[in-house]
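Asker: Handing you this structure, nothing more for now.
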Ligand code: GDP
Ligand code: GDP
């Protein structure tokens with residue numbers, strides 16, 4: 001699970017420009033995700049080997065009738081409560097503003113580490129003029145230009161220095177819920193793919209399937225949980241454990257164990273300005289991080305909203321198994337036209353996660369609820385599956401016959417072999433002569449070929465590339 005850094009500051013100081021610069025390394029990946037392009041709230045920054053989730057609090061648009069001060073206050077309250085690290089940005093061109101002083105004072109009272117940056121310093125000369133910002137009473141100021149990249153490497157170093165310790169897996173596998181069998185780098189040193197016996201089957205075992213239930217307020221999460229926990233054969237074991245972001249409820253059905261990570265039951269503890277229920281995004285991100293299977297709930301009345309897309313995007317980006325639940329299907333009873341419209345919209349939303357199944361249900365009418373856990377089992381089996389090395393390489397060979405790898409640049413791509421290196425999700429390393437020679441679309445093609453051939457109809461598969469000359 002990666003640390004969360006929130007970028008705060010008055011409007012127009014350059015928060016989103018800075019956000020884009022910090023998360024640009026991942027653009028290629030995030031780029032095409034639906035809803036994420038226009039107005040991304042969060043992204044991943046990779047600094048050296050660390051991964052940071054960056055939140056652009058400016059992206060949480062306030063209701064139109066809310067005064068500007070309230071917006072900034074709400075952002076800051078949210079950041080102070082939810083983030084591990086706060087990046088406070090001021091505008092060096094506009095000069096020091098009373099609101100900046102006020103924000104700095106409030107941030108000082110929080111227990112969180114705060115990094116201060118003065119933006120729009122488009123050259124070293126302007127640093128002198130911006131020295132008035134030392135009136136914020138801080139020891140260290142970063143003079144940066146988010147637009148041009150000035151000062152970014154010092155800033156990145158300081159971010160690294162302030163991150164909480166990270167017990168993440170090596171190789172940036174981003175599989176906190178997963179298990180790694182083999183180091184992809186070590187693998188790249190070999191001439192032949194590893195034998196299946198190299199893989200320790202114990203790594204496959206999990207005690208329970210962790211299911212996160214996420215969704216906007218009012219889509220029906222609490223209703224679903226009540227229905228689920230009250231269902232036949234469901235034993236709600238133990239007292240639920242509360243973490244700072246969710247309630248974890250262990251349940252058992254027959255001999256199957258699950259932990260339901262519930263973001264619905266938590267209501268705001270602190271006093272947060274109205275209109276900022278969207279702080280739920282933080283909670284959802286953390287719940288997604290801790291889950292194997294994400295159940296993303298929406299409701300038919302409002303259809304697929306931008307916030308729904310953000311959440312799906314987050315689950316996809318984290319390579320989680322995903323079930324989309326469209327609740328309140330009863331509202332569209334008898335309206336074939338709207339049902340079709342909504343289906344089309346869903347299909348569009350899941351363009352990049354065609355493997356994610358959609359359940360249309362009505363919790364109110366008790367329809368479809370009993371399908372959820374069996375579907376979770378089915379998907380988890382795929383998500384946690386072992387792909388045989390022999391078969392994997394056959395599929396690779398066939399795929400290359402179907403489509404010769406296109407070359408990027410002058411170098412001809414050579415793929416030596418494929419091997420599974422991790423589960424949750426199934427992660428395949430391709431050992432190639434030059435990772436840069438693998439075109440994005442070819443990568444996607446191979447991913448889909450592997451998925452289909454290996455029976456991962458409803459699970460993502462992660463492909464990583466390792467170079468060897
Ligand atoms: P936000 O409201 O804080 O998210 O601010 P934006 O990122 O939208 O930036 C506000 C304006 O400042 C935009 O017109 C940006 O192009 C501009 N801007 C952002 N960073 C810089 C910078 O480093 N130098 C200059 N000169 N302009 C910048
Ligand atoms: P949460 O905020 O996501 O936990 O949503 P709730 O479970 O509190 O539900 C919000 C509202 O939607 C409540 O008034 C529920 O009665 C209603 N609701 C839940 N499921 C359904 C459904 O399947 N159909 C309809 N029409 N309403 C529902």
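The values are calculated or read from the model by the stated rules, or taken from the named source; none is laboratory data. Just so you know, these numbers come straight off a predicted model, no measurement behind them. Cβ sites come from the backbone with ideal geometry, for glycine too, and all protein chains shown count toward neighbours.
Asker: Restricting the search to segment 398-426, which residues are in contact (Cβ under 8 Å) with a residue 40 or more places away in the chain, more than 30 Å from residue 208 (Cα to Cα) and either in a helix (DSSP H, G or I) or out of contact with any strand residue (DSSP E or B) (no Cβ under 6 Å at 6 or more places or on another chain) (or both)?
Answerer: Listed by number, the residues that qualify are 398, 399, 402, 403.
Asker: I'm trying to understand the selection: among the residues of segment 315-338, which are farther than 19 Å from residue 350 by Cβ and either within 16 Å of ligand 1 (Cβ to nearest atom) or in a helix (DSSP H, G or I) (or both)?
Answerer: Listed by number, the residues that qualify are 330, 331, 336, 337.
Asker: If we scan segment 268-283, do we find a residue that is at pLDDT 80 or above, surrounded by fewer than 22 Cβ atoms within 10 Å (Cβ to Cβ) and within 30 Å of residue 426 (Cβ to Cβ)?
Answerer: Checked against the condition, which is being at pLDDT 80 or above, surrounded by fewer than 22 Cβ atoms within 10 Å (Cβ to Cβ) and within 30 Å of residue 426 (Cβ to Cβ), segment 268-283 yields no hits at all.
Asker: Could you grab me the full set of residues in segment 362-397 that are outside any helix (DSSP H, G or I) and closer than 22 Å to residue 316 by Cβ?
Answerer: Within segment 362-397, 384, 385, 387 qualify.
Asker: Which numbered condition in (1) outside the structural domain of residue 305 (by the TED database); (2) over 20 Å from residue 180 (Cα atoms) is the only one that residue 363 fails?
Answerer: (1)
Asker: A follow-up question, please. Under the condition of being farther than 22 Å from residue 445 by Cβ and either within 26 Å of the chain's Cα centre (by Cα) or outside the structural domain of residue 297 (by the TED database) (or both), which residue from segment 337-348 is nearest to ligand 2 (Cβ to nearest atom)?
Answerer: This residue is 342.
Asker: Right, another one. Has segment 444-454 got at least one residue that is closer than 24 Å to residue 196 by Cβ, assigned to a strand (DSSP E or B) and more than 22 Å from the chain's Cα centre (by Cα)?
Answerer: no
Asker: Do we have any residue at all in segment 366-373 that's away from ligand 2 (no atom under 16 Å from the Cβ) and out of contact with any helix residue (DSSP H, G or I) (no Cβ under 6 Å at 6 or more places or on another chain)?
Answerer: yes
Asker: Applying the selection to segment 1-24, what residues are at pLDDT below 85, near ligand 1 (Cβ under 9 Å from one of its atoms) and assigned to a loop (DSSP other than H, G, I, E, B)?
Answerer: 11
Asker: Scan segment 280-336 for residues that are more than 15 Å from ligand 2 (Cβ to nearest atom), touching a helix residue (DSSP H, G or I) at 6+ places or on another chain (Cβ under 9 Å) and farther than 26 Å from residue 78 by Cβ and jot them down.
Answerer: 292, 293, 321, 323
Asker: Same structure again: Residue 136 - would you say it is within 16 Å of ligand 1 (Cβ to nearest atom) and buried (at least 16 other Cβ atoms within 10 Å of the Cβ)?
Answerer: Judged against the criteria, residue 136 is not a match.
Asker: Cβ-Cβ under 8 Å, sequence separation 6+ or interchain: first residue in segment 220-235 and on the phi > 0 side of the Ramachandran plot, partner assigned to a loop (DSSP other than H, G, I, E, B) and surrounded by fewer than 16 Cβ atoms within 10 Å (Cβ to Cβ). Which pairs?
Answerer: Correct list of pairs: 220/364; 233/254.
Asker: Take residue 52 and decide whether it is in contact with a helix residue (DSSP H, G or I) (Cβ under 8 Å, 6 or more places away or on another chain), within 16 Å of ligand 1 (Cβ to nearest atom) and either assigned to a strand (DSSP E or B) or modelled with pLDDT under 80 (or both).
Answerer: So residue 52 does not fit the description; no.
Asker: From the list 351, 391, pick out the single residue that is modelled with pLDDT under 95, surrounded by fewer than 17 Cβ atoms within 10 Å (Cβ to Cβ) and farther than 30 Å from residue 228 by Cβ.
Answerer: 391
Asker: Which residues, counting only those in segment 367-393, are free of Cβ contacts under 8 Å to residues at least 12 places away in the same chain and within 19 Å of residue 452 (Cα to Cα)?
Answerer: 381 - this is the single residue of segment 367-393 that is free of Cβ contacts under 8 Å to residues at least 12 places away in the same chain and within 19 Å of residue 452 (Cα to Cα).
Asker: Mind listing whichever residues of segment 200-228 are modelled with pLDDT under 90 and either surrounded by fewer than 17 Cβ atoms within 10 Å (Cβ to Cβ) or outside the structural domain of residue 261 (by the TED database) (or both)?
Answerer: 200, 201, 202, 203, 204, 205, 206, 207, 217, 218, 222, 226
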